[in-house]
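What follows is a single structure, written as structure tokens, with notes after it.
The values are calculated or read from the model by the stated rules, or taken from the named source; none is laboratory data. On a predicted model such as this, the values are computed, not experimentally measured, just so you know. Virtual Cβ from ideal backbone geometry, glycine too; neighbours counted across all protein chains shown. These accessible areas exclude ligands, DNA and RNA; they are computed on the full protein's heavy atoms, side chains included. Shrake-Rupley method; radii C 1.70, N 1.55, O 1.52, S 1.80 Å.
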Amino acid sequence: MNAEIYHFKVGTFKCMAVSDGTHTYTPPTFPPPATFLFANAPKERLEQVLREHSLQPEQWIEWISPYICVVVDTGKHRVLVDTGAGALAPNTGRLLQNLQAEGIAPGDIDTVILTHGHPDHIGGNTVSEGGLAFPNARFVMWKDEWDFWTSEEAEVKLDEHAKELLLMFAGKNLPPIQGSLDLIDHEREILPGIQAIAAPGHTPGHMALAISSGGEQLLCISDAVLHPIHVEQPEWCAAVDFAPDQVVATRRRLLNRAAAEKALVLAFHFPFPGLGYVIQKGEGWQWQSIETEG
Ligand SMILES: [Zn+2]
């Protein structure tokens, strides 16, 4: 399997998971993965769960996360969900070349939906010279999210280094799209078959998507969960989650829906291609990745 491109269908929609590359989260820039991803988890229970996932608590020192964007060809529209990280890290910013390899030029994308304003989701809005990476696209974002990142003093509750990085990316990648931007403030259809779902918590206006065609459904849950363990332990929040209480409520709503509707789910940070199903297990849930060849 090509580890950067994965084709699948949702009804008649032709879809593609496209990697923008990977980023390695490791000290000293980031806390150790268990602390970063499960900041409020009780220590003993955390260690037990990590071992169940074949992770040795003391030895798990780096979390290598892919950044997985999605292209949906509805037959009428070519939609991109999130633009990756651009030049954030040595191995990111691969989106455009991966699209190119599939015969998709930047000008072919007519709609870009941004799930939220973190660097790894908006960093590819612009090219390094500063112009728009997708010159013909209409951009869509949740209004609260746009307001948060473009306000004078975005209230980022992280250390100075992280805060500076986040604000720098927002400052570079959001103002240029303002002229071709649609803001949404309630759950509605963005395009036929593509529905916006309010999923706040990770950030103030974080958005999920339900993509439906021919009786099939893909739920793009973006960063509502960052690691498969979050599906089992929805109350364990990451250090980067803006409002933990909201994160937990949002996760429960999305996981419940995914399991009940047997929807295919795409999670941006899960092992590539990030696709799987949420299985009801007692009171909780479990992640089951799709089978991929190779
Ligand atoms: Zn992310």
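Please list, by residue number, every one of the trypsin sites (Lys or Arg not before Pro) in segment 75-109 that is coil in DSSP and has at most 12 other beta-carbon atoms within 10 Å. Here the trypsin sites (Lys or Arg not before Pro) that fit, given the DSSP loop and packing criteria, are K76. In the chain, helical runs assigned H by DSSP with n ≥ 4 each contribute -39500 (n - 2.57); averaged across all residues and rounded to the nearest 500, the mean residue ellipticity at 222 nm is -6500 deg cm²/dmol. Taken one residue at a time, the phi angles of segment 219-234 give Karplus couplings (6.51, -1.76, 1.60, θ = phi - 60°) of 9, 8, 9, 6, 9, 4, 10, 10, 9, x, 5, 4, 5, 7, 10, x Hz. Gly and Pro are set to x.
When you filter the GluC sites (Glu not before Pro) in segment 77-146 for DSSP loop state and at most 16 other Cβ atoms inside 10 Å of their Cβ, you are left with E102, E129. In terms of its alpha-carbon gyration tensor, segment 74-124 comes out oblate; a/c meets the 1.5 threshold, while b/c is at least as large as a/b.
By the gyration tensor of its Cα atoms, with a ≥ b ≥ c the square roots of the eigenvalues, what is the shape of segment 22-97: rounded for a/c under 1.5, prolate for a/b over b/c, or oblate? In terms of gyration-tensor shape, prolate.
Between E164 and A239, what is the FRET efficiency for a Förster distance of 25 Å, r being their Cβ-Cβ separation, to the nearest 0.05? If you can, show how the numbers build up before the last one.
On the way: r = 16 Å, r/R0 = 0.65.
E between E164 and A239, to the nearest 0.05, is 0.95.
Computed 3J(HN,Hα) for segment 99-112, one whole-Hz value per residue from the Karplus formula 6.51 cos²θ - 1.76 cosθ + 1.60 where θ = phi - 60°, is 5, 4, 4, 9, x, 9, 8, x, x, 7, 7, 9, 9, 10, glycine and proline marked x. Of the whole protein surface, H118 contributes about 20 Å² of accessible area at a 1.4 Å probe radius.
Normalised by the number of residues in segment 183-290, the mean separation of alpha-carbon contacts (under 8 Å, six or more apart) gives a relative contact order of 22 percent. Segment 112-257 has equivalent-ellipsoid semi-axes of 24, 21, 12 Å, by the square roots of 5 times the alpha carbon gyration tensor eigenvalues, sorted largest first. Once you sort the root eigenvalues of the Cα gyration tensor of the chain as a ≥ b ≥ c, which label holds: rounded (a/c under 1.5), prolate (a/b larger than b/c) or oblate (the other case)? Cα axes put the chain in the rounded bin.
Relative contact order for the chain: what percent, with Cα pairs under 8 Å and sequence separation of 6 or more? Write down the numbers at each step before the final one.
Values: 624 pairs, mean separation 53.1, N = 294.
This gives 18 percent for the chain.
Each part gets one Cα centre, and for segment 71-96 versus segment 204-234 those centres are 17 Å apart.
Measuring nothing but alpha carbons in segment 1-155 and taking Rh as the Kirkwood radius, the Rg to Rh ratio lands at 1.03. Extension gain for N40 to E129 (0.36 nm times residue separation, less C-alpha to C-alpha distance): 28.0 nm.
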